[in-house]
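**Q** Quick one: structure below, then a few questions.
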Amino acid sequence: MTYGDIRALALAKRAARDGTGRQLRIALGASQSAFASACGVSPATVTRWENRSRTPSGAAAIRYGRLLQRFGLKDDGGASSEAA
């Protein structure tokens with residue numbers, strides 16, 4: 001696991017816990033299905049992450065974290081001006 005993977009994993013867990021992942025997805029106008037497809041999981045899994053009934057883990061969490069990074073979510077909780 002690389003340092004970038006660890007950062008993406010931590011970001012995915014935080015974004016699921018505090019709701020920033022859902023907020024970003026909605027701001028982008030993206031569906032849960034689109035995010036699920038990009039992460040290699042089912043839409044139901046994204047729903048569980050966003051409802052805080054499950055925490056992202058493993059390779060899917062890293063993909064989710066990298067997707068959030070790509071669309072502007074920063075490790076400090078802020079979003080870049082591109083995503084805002």
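Nothing in this text is a laboratory measurement; each read-out follows from the coordinates by a stated rule. Since we're looking at a predicted model, the values are computed, not measured. All Cβ positions, even for glycine, are placed from backbone atoms using ideal geometry, and neighbour counts span all protein chains on display.
**Q** Tell me, Thr2, Thr47 in order of fewest to most beta-carbon neighbours within 10 Å?
**A** If I rank by nearby Cβ atoms, fewest first, I get Thr2, Thr47.
**Q** Mind listing the long-range amide H neighbours of Leu73? Cut-off is under 5 Å, sequence gap 5 or more, other chains count too, H placed in the peptide plane at 1.01 Å from N.
**A** Long-range HN contacts for Leu73: Ser80.
**Q** List, in order, the whole-Hz ³J(HN,Hα) value for each residue of region 67-75 obtained from phi through the Karplus relation with A = 6.51, B = -1.76, C = 1.60 and θ = phi - 60°; use x for Gly and Pro.
**A** Each residue of region 67-75 in turn: 5, 4, 4, 4, 9, x, 6, 9, 4 Hz.
**Q** Something else now. Hand me the trypsin sites (Lys or Arg not before Pro) from region 1-69 located in a DSSP loop with no more than 15 other Cβ atoms within 10 Å, in residue order please. Intermediate values should be presented prior to the final figure.
**A** On the way: sites: Arg7, Lys13, Arg14, Arg17, Arg22, Arg25, Arg48, Arg52, Arg54, Arg63, Arg66; in loops: Arg52, Arg54.
Passing both the DSSP loop test and the Cβ count: Arg52, Arg54.
**Q** Please report the net charge: other residues with Cβ closer than 12 Å to the Cβ of Ala36, K and R +1, D and E -1.
**A** Working: positive: Arg25, Arg48, Arg63; negative: Glu50.
Result for the local shell: +2.
**Q** Turning to a different aspect of this structure: Would you mind estimating how fast region 3-70 diffuses translationally, via Stokes-Einstein at 10 °C and 1.306 mPa s with the Kirkwood radius over Cα pairs, in µm²/s?
**A** 141
**Q** In deg cm²/dmol and to the nearest 500, what is the mean residue ellipticity at 222 nm of the chain if only DSSP H runs of at least 4 residues count, each as -39500 (n - 2.57), divided by the residue total?
**A** -19500 deg cm²/dmol
**Q** Around Leu9, under 12 Å between beta carbons, what's the net of Lys plus Arg minus Asp minus Glu among the other residues?
**A** Value of the local net charge: +3.
**Q** Evaluate the relative contact order of the chain (contact order divided by residue number), counting alpha-carbon pairs under 8 angstrom at least 6 apart; express in whole percent.
**A** 38
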